[in-house]
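The values are calculated or read from the model by the stated rules, or taken from the named source; none is laboratory data. Predicted, not measured: the structure shown is a model, and the values here were computed from it. Cβ coordinates were reconstructed from backbone atoms using ideal geometry, including for glycine residues, and neighbour counts include every protein chain displayed. Only protein heavy atoms, including side chains, enter the accessible area calculation; ligands, DNA and RNA are left aside. Shrake-Rupley method; radii C 1.70, N 1.55, O 1.52, S 1.80 Å.
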Amino acid sequence: MFRRKNSQSQQENGIAEQEVKVSELRAALGPLSGRSLKYCTDACLRRYLIARNWNVDKAKKMLEETLKWRATFKPEEICWDEVAHEGETGKVSRADFHDRSGRTVLILRPGKQNTTCAEDNIRHLVYLIENSILNLADGQEQMSWLIDFTGWGLSVNVPIKTARDCINILQNHYPERLAVALLYNPPRIFEAFWKIVKYFLDPLTFQKVKFVYPKKEESVELMKSFFDVDNLPNEFGGKGSLNYDHEEFSRLMAQDDVKTAKFWGLYEKPSHIVSGHSGAQVAPEPTSLALPAS
């Protein structure tokens, strides 16, 4: 009984100390306005502190770099119409199921690479990271990545520089957003690519990358620990199916663009109808929003 009380007391003290750190970081950042103020929620500050081992000065530097990047890159302003051509093959998409923890799942299929423009590739990925965050359930901070290597080879390989830029964006500007990245059945030729790419990963991100091989029992159990096999597509060893429909996905993204515009206070199209890249017309969802802290 005493141990339980001590454990509870230590936990409460730890939470209190963390809240102090969040307050210190907010004070160190100084006055914020506009989108920077909306972005810098307490949950956001907490993620940057965790990424920098609760060092306020380092977290401040990291967050300020992100605010500069967001002011320039403007990820919240990217619309599906601008990047839809990148998604025609379904190389990156948001899954219609969640992991066992209820987290949003992002599916990447590098074997379906269909373009060569590095900038468009990055904007497409950033759009879908932002979209995954938009669709996190209440209380969820992280997403899971499933990476299917079917059809992957050097002929469709993403250049090292593009891979490095994508990793840097994920690590530096979306800290503590990744719960796990499951690399499913990568071919042996991927090892050479991985030997280079892994040096761009910081230790926290590196620990979240898991290699999964369908013929290894421990890999099968790992997948089961994260996903219900009834929902998991058969491409990842489950019983479900993964059928990417670009027209339908475009319709969903057009609806989410309306949500994004409302959340950030962006200009909205005056019409009550929103057109997706597919040309389909869809009605926007209700104005009420329940978005997770960014």
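At a Förster radius of 22 Å, what calculated FRET efficiency corresponds to the Cβ-Cβ distance of Val220 and Arg100, to the nearest 0.05? Mind dumping the intermediate values first?
Values: r = 15 Å, r/R0 = 0.68.
Between Val220 and Arg100 the formula returns 0.90.
For the chain, what does -39500 (n - 2.57) per DSSP helix run (n ≥ 4), summed and divided by total residues, give at 222 nm, in deg cm²/dmol to the nearest 500?
The per-residue figure over the chain is -15000 deg cm²/dmol.
Please state the charge dipole magnitude for region 111-180, taken about the Cα centre, from unit charges on C-beta atoms (+1 on K and R, -1 on D and E), reported in debye and rounded to the nearest 20.
For this selection, approximately 280 debye.
At 1.4 Å probe size, with every protein chain present, just tell me what the per residue accessible area of the chain comes to in Å².
For the chain, the solvent-accessible area averages 53 Å² per residue.
Can you tell me which lysines have their Cα less than 26 Å from the Cα of Lys208? Leave out same-chain residues fewer than eight positions away.
Reachable lysines: Lys21, Lys58, Lys60, Lys61, Lys91, Lys112, Lys161, Lys195, Lys198, Lys216, Lys224, Lys239.
Taking the chain as a Gaussian network, Cα atoms linked when under 10 Å apart, which of Ser144, Ser225, Ser132 shows the biggest mean-square fluctuation?
Of Ser144, Ser225, Ser132, the most mobile in the Gaussian network model is Ser225.
For the chain, which whole percent of the accessible surface, found with a 1.4 angstrom probe, sits on carbon and sulfur atoms? Provide the component values of the computation, followed by the final result.
Values: 7980 of 15560 Å².
The nonpolar share, carbon plus sulfur, comes to 51 percent.
Rounded to the nearest 0.05, what FRET efficiency is calculated for Leu67 and Lys208 with R0 set to 22 Å and r the Cβ-Cβ distance?
Computed FRET efficiency for Leu67 and Lys208: 0.35.
Under the definition of Cα pairs under 8 Å and six or more residues apart, what whole-number percent is the relative contact order of the chain?
That works out to 18 percent.
Treat each spin label as a single point 7 Å out from the Cα along the C-beta direction, and report the Arg188 to Asn231 distance in nm.
Once both label points are built, they end up 3.6 nm from each other.
Give the percent of DSSP beta bridges with both residues in the chain that are antiparallel, rounded to the nearest 5.
25
Taking the Cα-to-Cβ direction at Asp245 and at Ile160 and moving 7 Å from each Cα, how far apart do the two end points lie in nm?
4.3
Provide Rg over Rh for region 49-122; use the alpha carbon set for both Rg and the Kirkwood Rh (inverse mean inverse pair distance).
1.08
How much accessible surface area, in Å² rounded to 10, belongs to the heavy atoms of Phe263 with a 1.4 Å probe?
My reading of the accessible area for Phe263 is about 40 Å².
Taking amide H atoms as placed 1.01 Å from N in the peptide plane, list the residues 5 or more away in sequence, or in a different chain, whose amide H sits under 5 Å from that of Val180.
For Val180, whose amide H was placed from the backbone, the distant partners under 5 Å are Trp145.
Taking 0.36 nm per residue of sequence separation and subtracting the Cα-Cα distance, how much length would be gained by fully extending the chain between Thr116 and Thr41, in nm to one decimal?
Fully extending the segment from Thr116 to Thr41 adds 23.4 nm.
With +1 assigned to the C-beta of every Lys and Arg and -1 to the C-beta of every Asp and Glu, and no other charges, what is the dipole magnitude of region 47-206 about the Cα centre in debye, to the nearest 20?
600
Relative to the present Cα-Cα distance, how much length would full extension add between Asn168 and Ala137 at 0.36 nm per residue of separation?
Values: separation 31, 0.36 × 31 = 11.16 nm, distance 2.56 nm.
Length gained between Asn168 and Ala137: 8.6 nm.
Test of understanding: in a Gaussian network model of the chain with alpha carbons linked when under 10 Å, which of Pro186, Pro159, Pro31 would top the mean-square fluctuation ranking?
Of Pro186, Pro159, Pro31, the Gaussian network model singles out Pro31 as fluctuating most.
When all protein chains stay in place, what accessible area (Å², nearest 10, 1.4 Å probe) is found for Thr150?
100
Return a whole-number percent for the relative contact order of region 53-208, with Cα pairs under 8 Å and 6 or more residues apart as the contact set.
Taking the mean separation of contacting Cα pairs over the length of region 53-208, I get 22 percent.
For Lys58 and Ser33, FRET efficiency with R0 = 30 Å and r from the beta-carbon atoms, rounded to 0.05? Intermediate values should be presented prior to the final figure.
On the way: r = 24 Å, r/R0 = 0.80.
Calculated value: 0.80.
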